[in-house]
Amino acid sequence: MDKDGSESFGIFGINTDGSMHRTLVPPLEAQISNNPSRIQYAFVIDLLRDEPDYVLVSSNERRPSYPDVFKMNIYNKRDKKLVQRNPGNVTNWITDWDGNVVGAGFQEELESGVLLLNDETGEWEELIRTRFDEPSFSPVGVNGDGPSGYVVSNINPDGTTRDKSALFHYNFDTKQMGELIYEHPVVDCCGLIQNRKKRDMIGVVHTVGVPEQVYLDERWKNIMAGINQALPGSINSITSIDDEEKVGVVVSYTSQQPPRYYLFDFEKNSLEWLVDSRPWIKSEQMAEIKPIEFTSRDGKPMHGYLTLPVGSDGKNLPMVMHPHGGPWARDGWGFNPAIQFLANRGYAVLQVNFRGSTGFGMDHIKSSFKQWGQSMQNDVTDAVMWAVNEGVADRDRVCIYGASYGGYA
């Protein structure tokens, strides 16, 4: 975690009863204050469920620029074992269901790609290499113990390209792409919902406006249908589960309700409330964040969100235009304290996934090239004019506020 959104992350251990809080990897700002000769960082990449005293971390302890993989003791941070050396260009690692390193992502200048580790030779084999603006694919899951898995790609099995990425079967031994599993006409597909007991994926999640979960496994489709019926109007998912799938923790949220947690009993098919993440928030006092769509001046479809103050008639309001950072990111739907604060003070708040935002296809990304502050800015302005023309915003009482790229905009 970091402190107060500083983005200076560290790794910490704590017992489930709240005791023995310990720092395993100091945050960067703590290191900097001690004037070190070099900055070290580490990120957890696998929890190693079969080895409860250890986690797998990616760390630059040996070489400053490129991280290796270490097995680190969560009680004694000095107990580290080198598991996999960086071949020289790896920036992130891929593990299987048992915590074994099986692949890696690399970055070289404008090119990136994926490496696979050959079990027999111990050598790294290049799976794919592309420029950042070229069609590509990314491994996202493994099916069981074999070579079968899944990739998200904007390359079809026949070699043709597509604008929106889709989910495909993939054989990592033969390096052959298989049949299409899931696609969406508006957004890139998708995040995988994985299941450890089945050692496979059971569904996908994607977001146009409100997040949507699509369960492809019939058993889990029925389980989640029951949970959704018990918690209507919320986005619900099982965030953790025991190995035997007897109990799980369900997280439930809306744009007005911060995450709320329940214990789910699989055998009894029952839910028991556990805790609210922000119990002081009264959802009935919060404003609803609603998805919107409009067309930019050059005909591109745009998606975003509009939040209106609670109790207002939604007409002729002062409005804050709030562009997101990145810009290779996107606005999503959920509880947002900053937006709630502004709406509580009487402002309408408008967000737009302008060109350059991720998740809406390659054309949406590439149409932003050399258009920072130009067509990208027009999208922001066009969103404001949409709100003015809809009668929501008073055109003489509009301001813009953002951070990172949003601050630039």
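If I ask for residues that are within 21 Å of the chain's Cα centre (by Cα) and either open to solvent by 30 Å² or more (accessible area, probe 1.4 Å) or among the aromatic types (Phe, Trp, Tyr) (or both), which ones from segment 137-151 would you list? Break it down into steps so the answer makes sense when it comes.
Keep residues of segment 137-151 that are within 21 Å of the chain's Cα centre (by Cα), which gives 137-142, 149-151.
Within segment 137-151, PHE137, SER138, PRO139, VAL140, VAL142, TYR150 qualify.
Looking at segment 39-75, which of its residues are under 20 Å from LEU28 (Cα atoms) and hydroxyl-bearing (Ser, Thr, Tyr)?
Residues satisfying the conditions are TYR41, SER58, SER59, SER65, TYR66.
Select the strands (runs of 3 or more DSSP E) contained entirely in segment 145-204, then report the ones holding at least 3 residues which are in contact with a strand residue (DSSP E or B) (Cβ under 7 Å, 6 or more places away or on another chain) and more than 22 Å from ARG219 (Cα to Cα).
Passing ranges, in order: 148-155, 161-171, 176-182.
Going by what's in this entry, would ILE202 be described as out of contact with any helix residue (DSSP H, G or I) (no Cβ under 7 Å at 6 or more places or on another chain) and of a type in the set (A, V, I, L, M)?
no
Could you list all residues from segment 320-334 that are open to solvent by less than 10 Å² (accessible area, probe 1.4 Å) and either in contact with a His (Cβ under 9 Å, 6 or more places away or on another chain) or closer than 12 Å to ARG355 by Cα (or both)?
Matches in segment 320-334: PRO323, PRO327.
Go through segment 210-297 and tell me which strands (runs of 3 or more DSSP E), entirely inside it, have 1 or more residues that are among the β-branched types (Val, Ile, Thr), under 22 Å from ILE339 (Cα atoms) and open to solvent by less than 70 Å² (accessible area, probe 1.4 Å).
Qualifying strands (runs of 3 or more DSSP E): 235-241, 247-253, 289-295.
Hey, LYS71 hits all of (1) more than 22 Å from SER112 (Cβ to Cβ); (2) in a loop (DSSP other than H, G, I, E, B); (3) of a type outside the set (S, T, N, Q) but one; which does it fall short on?
Result: LYS71 passes all but (2).
Give the number of residues within segment 383-396 that are of a type outside the set (S, T, N, Q), out of contact with any Lys or Arg (no Cβ under 7 Å at 6 or more places or on another chain) and loosely packed, with under 13 Cβ neighbours inside 10 Å.
Residues meeting the conditions: 2.
Could you tell me which numbered condition THR95 fails, if it satisfies all but one of (1) open to solvent by 60 Å² or more (accessible area, probe 1.4 Å); (2) hydroxyl-bearing (Ser, Thr, Tyr); (3) in contact (Cβ under 8 Å) with a residue 40 or more places away in the chain?
Every listed condition holds for THR95 apart from (1).
The values are calculated or read from the model by the stated rules, or taken from the named source; none is laboratory data. Because the structure is a prediction, the values reported are computed rather than measured. FYI the Cβ positions are ideal-geometry reconstructions off the backbone, even for glycines, and counts take in every protein chain you see. We work out accessible area using only protein heavy atoms, side chains counted, and drop any ligands, DNA or RNA first. Shrake-Rupley method; radii C 1.70, N 1.55, O 1.52, S 1.80 Å.
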